[in-house]
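Asks: Sharing a structure below in structure tokens format, with a few things to ask.
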Amino acid sequence: MPTQLVKCPTCKTTITISGEPGEKINLTCPQCNQKGVFTVPKDINGRTMASSSTAIDVKGLIKTYNHFSAVNNVSFSVKKGEIFGFLGPNGAGKTTTIKSILDLTHADSGTITINGINVQTHGKEAKKYIGYMPEKVSFYDNLTALQNLSFYAEIKHASKEECIHLIEELGLGDAGKKRVGKFSKGMVQRLGMARAILGSPPILILDEPSGGLDPRGVVLIRDKILEMKKKGTTIFVSSHILSEIQEICDRVGIINKGVLVAQDTVEGLSKKLNLKPQITVTIDAMSTKVENAVKTLPGVDSVKTHGNTLEIICDGAMKAKVILAISTAGGNIQNIQSKEPSLEDVFMRYTEA
Amino acid sequence: MQTNVILSIAKKEIMDNIRNKWIILVSVMFALLTLVVSYFGSLGSSGWQNLGNTISGMTQLGAYLISIVAFMLGYATIIGEIERGSMSALLSLSATRFEITVGKFLGLGAVLCLTILAGYGVAGLVIALNVANVNYLEYLAFIGITMIFGLVFLSVALFFSTVFSKRSTALGGAIFLWFLFTIILPIVFVGLLATTIDFTEITMQTTLVVPDWYHFLNLFNPISVYTALITITIGAVQSSTGAGLIPNPSWYSSGLLLGVFLVWIIVFFALAVWRFQRKDI
Ligand SMILES: Nc1ncnc2c1ncn2[C@@H]1O[C@H](COP(=O)(O)OP(=O)(O)O)[C@@H](O)[C@H]1O
Ligand SMILES: [Mg+2]
């Protein structure tokens, strides 16, 4: 089913509706609860009518800079409503991929669709759905923060009130009337986030949004991302810092040297790599009996002891049995810690030379 | 094509440049310079000259300065935004490269025309208050032609801002181009002319007959076209002392020369769009 953007006649919020062309749909605005009937527009050029649950679809993307292959045959898709983490070390090709999705750089080959609309042939239509935060956030230094945002708002058909509201929300309150040239890097970054979410686009593309931010800024951006997800926004976010993405992503893609090496949920990836959780158990008094009891269990890969502490790497399903074995062998358990395989581990595995 | 996108971009360019203040300085400088030329301009006589003399005194100098101002406004307008990173954000909106180019041309063109209007306008008014028999219409025509001339250079500058991949290279290119039009081309054309005409035989009394190809070549230099257009169109200039050594051929007409300007504007604008479309941001 094709989707289309409509504006609430009362509060001007952008709402995504989906339905067959010509179909009339009853809708309640999520912002102001205004009820209304919208007609799904008849065919729109460039739309593949089959599009349904895919927000961003990249097929066979290739981009070469003077014989240097920056992105080599990358394919992935981002589902509507999910947070997709795009991970890779510096120079892996993340920004090049993102710029190709937006047709800022012209791909050598490959097809890219946004909500089923081909970006290369119908860019104007496709980009209506996108809010973008570039890796290098930049504004017009002679203009104030509010003048800058208002300029983008005019093009996005958003209101000046929303600009004022967003400046407030991103913690820039009093700085709205200040020239952006006088902003610190962190402030520019926050304003960049405001620009991306201006007009409540259904798809957000964020290229390393926390780059150059202080810890409070990082938290602010993460909260904003989660808040947008709650509203049903699809979020594509790139990063080379794993910890900031791990907790919020539904799925991740890992790119290395221009090649997409994995695409899955964090859990799924660690399963595929056979990464196992680590359990750290502290007991009253260590004994060989306890150690052997654990070592002989099936599904236990390794056991290390440090004083009264056991470090066990085993199948996820064996965790309970390990604890039971320790207990049965006479170990009086003081403390148990379990660490799931992290994205860091996944990442290291996939990007090691 | 969306007019609201184009107008927003044009408006932003105007705000951005006016806030920059240098353009206001340029306007003031223009007015002062015109007044100085008008008051002290011609040897032998002191005091205010009529508008015709003022115009012919200002034509060459004005052309040099306006071409610089147009280049300054335009040479980095696209590459500058790409380099700084603001172009990515602009293009991620549903603004096409064509719309952005049109918006920039309109906005920068408005700034340039306002500068010319303010500079020459204020000077014209001051002069008009001090001399008799003012032909306002001709002075307005002078201002209008000057604006179109400025737009020619703006269009060339816009193209330059899409050619290079660095702002600094674009600056170098613009400076070279300025010398090309103001010094190199005139010297080359006159040099070519010298191979066919014996200048030593010319006295003050003989009328110089210059071959048509020379006049044709001059159509490729907007500064020559501008001087010719002013001389042909503004009656006051024809009768003033400032008319050039080499007379304009009979086949030069205001219409033809304006047409040449229009071709310059359109060709370089189209080239700018074409280059920009292909550029990786
Ligand atoms: N305009 C360009 N010209 C030449 N090489 C480029 C250009 N942009 C990126 N590259 C190269 O392509 C590779 C991928 O870059 P990029 O996509 O920016 O990586 P990432 O965002 O993952 O750090 C890098 O090796 C980079 O040097
Ligand atoms: Mg990058």
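The values are calculated or read from the model by the stated rules, or taken from the named source; none is laboratory data. Small disclaimer: the values here were computed from a predicted structure and weren't measured. Cβ coordinates were reconstructed from backbone atoms using ideal geometry, including for glycine residues, and neighbour counts include every protein chain displayed. Accessible surface areas use protein heavy atoms only, side chains included; no ligands, DNA or RNA. Shrake-Rupley method; radii C 1.70, N 1.55, O 1.52, S 1.80 Å.
Asks: Distance cut-off 28 Å, Cα to Cα: go down the list A:Lys7/B:Lys279; A:Lys136/B:Lys104; A:Lys7/A:Lys63; A:Lys231/B:Lys12; A:Lys185/B:Lys11 and report the pairs above it. Provide the component values of the computation, followed by the final result.
Replies: Working: A:Lys7/B:Lys279 33 Å; A:Lys136/B:Lys104 22 Å; A:Lys7/A:Lys63 36 Å; A:Lys231/B:Lys12 32 Å; A:Lys185/B:Lys11 26 Å.
Listed pairs above 28 Å: A:Lys7/B:Lys279; A:Lys7/A:Lys63; A:Lys231/B:Lys12.
Asks: Report the full-extension gain for the segment A:Asp108 to A:Val37: residue separation times 0.36 nm, less the Cα-Cα distance, to one decimal in nm.
Replies: On the way: separation 71, 0.36 × 71 = 25.56 nm, distance 4.28 nm.
In short, 21.3 nm is gained.
Asks: Tell me the total accessible area that B and A bury against each other, 1.4 angstrom probe, in square angstrom rounded to 100.
Replies: Rounded to the nearest hundred, the buried surface is 2800 Å².
Asks: Here is a further query. Give me the mean projected area, in nm² to one decimal, of the convex hull enclosing the Cα positions of the range B:118-173.
Replies: Here the figure is 4.9 nm², rounded to one decimal.
Asks: On a 0 to 90° scale, report how tilted helix B:167-179 is relative to the longest principal axis of chain B, with both axes built from alpha carbons and the result rounded to the nearest 10.
Replies: The angle comes out near 10 degrees.
Asks: Here's another thing I want to ask about it. Of the residues A:Ser184, A:Ser200, A:Ser53, which exhibits the maximal mean-square fluctuation in a Gaussian network model of chain A defined by a 10 Å Cα contact cut-off?
Replies: A:Ser184
Asks: For A:Lys182, what is the net charge nearby, where nearby means another residue's Cβ is under 14 Å from its Cβ and Lys, Arg count +1, Asp, Glu -1? It would help to have the intermediate numbers written out before the result.
Replies: On the way: positive: A:Lys177, A:Lys178, A:Arg179, A:Lys185, B:Arg19; negative: A:Asp141, A:Asp174.
Local net charge: +3.
Asks: If each of A:His306 and A:Thr265 carries a label point 7 Å out from its Cα toward its Cβ, how far apart are those two points in nm?
Replies: Here the modelled spin labels are 3.2 nm apart.
Asks: Please determine, in degrees from 0 to 90 and to the nearest 10, the orientation of helix A:160-169 with respect to the longest principal axis defined by the Cα atoms of chain A, where the helix direction is its Cα long axis.
Replies: Helix A:160-169 and the main axis of chain A meet at about 20 degrees.
Asks: Another one. Of the residues A:Ala325, A:Ala196, A:Ala70, which exhibits the maximal mean-square fluctuation in a Gaussian network model of chain A defined by a 10 Å Cα contact cut-off?
Replies: A:Ala325
Asks: Could you provide, to the nearest whole Å², the per residue accessible area of the protein assembly as shown with probe 1.4 Å?
Replies: Values: 28510 Å² over 634 residues.
Each residue of the protein assembly as shown exposes 45 Å² on average to a 1.4 Å probe.
Asks: With a point put 7 Å past each Cα toward its Cβ, work out how far B:Ser250 is from A:Glu344 in nm, to one decimal.
Replies: 9.0
Asks: Could I ask something else about it? Taking N as the number of residues in the range A:194-353, what is its alpha-carbon radius of gyration divided by 2.2 N^0.38 Å?
Replies: Here the answer is 1.36, to two decimals.
Asks: Quick one: work out the % antiparallel among DSSP beta bridges in the protein assembly as shown, nearest 5.
Replies: That works out to approximately 75 percent antiparallel.
Asks: Which parts of the range A:277-294 would a label at A:Gln334 reach, counting a residue when its backbone N lies under 12 Å from a point 7 Å out along Cα-to-Cβ?
Replies: Output list for this probe position: A:281-286.
Asks: What figure, in Å² to the nearest 10, do you get for the accessible area of B:Leu106 with a 1.4 Å probe and non-protein molecules left out?
Replies: About 90 Å², ignoring ligands and nucleic acids.
Asks: Can you give the % of DSSP beta bridges in chain A that are antiparallel, to the nearest 5?
Replies: 75
Asks: While we're here: Would you calculate, for chain A, the mean residue ellipticity at 222 nm contributed by helices, counting each DSSP H stretch of 4 or more residues as -39,500 (n - 2.57) and dividing by all residues, to the nearest 500? Before the final figure, lay out the partial values.
Replies: Numbers: 11 runs with 101 residues, N = 353.
Using -39500 (n - 2.57) per qualifying helix, the result is -8000 deg cm²/dmol.
Asks: For a quick check of your reading of the filter: which GluC sites (Glu not before Pro) in the range A:253-353 sit in a DSSP loop and have no more than 11 other Cβ atoms within 10 Å?
Replies: A:Glu352
Asks: How large is the translational diffusion coefficient of the range A:53-163 in µm² per second when you combine the Kirkwood radius over alpha carbon pairs with Stokes-Einstein at 25 °C and 0.890 mPa s? Working shown, then result.
Replies: Working: Rh = 15.6 Å.
It diffuses with D of about 157 µm²/s by this estimate.
Asks: What does the C-alpha gyration tensor say about the overall shape of the range B:1-78? Classify as rounded when a/c is under 1.5, otherwise prolate if a/b is larger than b/c, or oblate.
Replies: Prolate.
Asks: Place a +1 charge on the Cβ of each Lys and Arg in the protein assembly as shown and a -1 charge on the Cβ of each Asp and Glu, then give the dipole magnitude about the Cα centre in debye, rounded to the nearest 20. Write down the numbers at each step before the final one.
Replies: Details: 55 positive and 45 negative charges, 237 e Å.
Rounded to the nearest 20 debye, it is 1140 debye.
Asks: Can you give me the pair-distance distribution of the range B:3-277, C-alpha pairs, 5 Å bins, whole percents?
Replies: 1, 6, 12, 15, 17, 15, 13, 10, 6, 4, 2, 1, 0, 0
Asks: Principal axis lengths of the range A:187-264 from Cα atoms, whole Å, largest first?
Replies: For the range A:187-264, the Cα extents along the three principal axes come out at 33, 27, 21 Å.
Asks: Rounded to the nearest 10 degrees, what's the angle between the helix A:145-156 long axis and the longest principal axis of chain A, both from Cα atoms, 0 to 90?
Replies: Result, in degrees: 70.
Asks: Of all the Cα-Cα pairs you can form in the range B:58-147, what percent are over 16 Å apart?
Replies: I get 63 percent for the Cα pairs in the range B:58-147 exceeding 16 Å.
Asks: Where the centre of each part is set by its Cα atoms, how far does the range B:74-98 sit from the range B:141-191, in angstrom?
Replies: A separation of 22 Å, based on Cα centres.
Asks: Using only the heavy atoms of the protein chains and a 1.4 Å probe, how would A:Arg251, B:Arg278 rank by accessible area, largest first? Display every interim value, and only then the final one.
Replies: On the way: A:Arg251 30, B:Arg278 140 Å².
If we order A:Arg251, B:Arg278 from most to least accessible, we get B:Arg278, A:Arg251.
Asks: What size of dipole, in debye to the nearest 20, comes out for the range B:3-277 about its Cα centre when the only charges are +1 on Lys and Arg C-beta atoms and -1 on Asp and Glu C-beta atoms? Intermediate results must be reported in sequence, preceding the final value.
Replies: On the way: 10 positive and 9 negative charges, 183 e Å.
Using Cβ point charges on Lys, Arg, Asp and Glu, the range B:3-277 gives about 880 debye.
Asks: Follow-up question, since we're still on this one. Please name which of B:Phe268, B:Ile246, B:Leu158 has its Cα lying farthest along the dipole of chain B towards the positive end, using unit charges on Cβ (Lys, Arg +1; Asp, Glu -1) and the Cα centre as origin.
Replies: Toward the positive end, the furthest listed residue is B:Leu158.
Asks: Please check: in the Gaussian network model of chain A (C-alpha springs, under 10 Å), which one of A:Phe86, A:Phe68, A:Phe236 has the largest mean-square fluctuation.
Replies: Evaluated over chain A, the most mobile residue of the options is A:Phe68.
Asks: For chain A, what's the radius of gyration and Dmax over Cα atoms, in angstrom?
Replies: Here Rg and the maximum Cα pair distance are 24.6, 75 Å.
Asks: With a ≥ b ≥ c the root eigenvalues of the C-alpha gyration tensor of the protein assembly as shown, is it rounded (a/c under 1.5), prolate (a/b larger than b/c) or oblate?
Replies: It is prolate, given that a/c is not under 1.5 and a/b is the larger ratio.
Asks: Taking a Cβ-Cβ separation under 4.7 Å as the criterion for a possible partner, which cysteines of chain A have none?
Replies: A:Cys163, A:Cys249, A:Cys314
Asks: I'd like the accessible area for B:Arg84, computed on protein heavy atoms only with a 1.4 Å probe and all protein chains in place. Round to 10 Å², please.
Replies: Near enough 80 Å² of accessible area.
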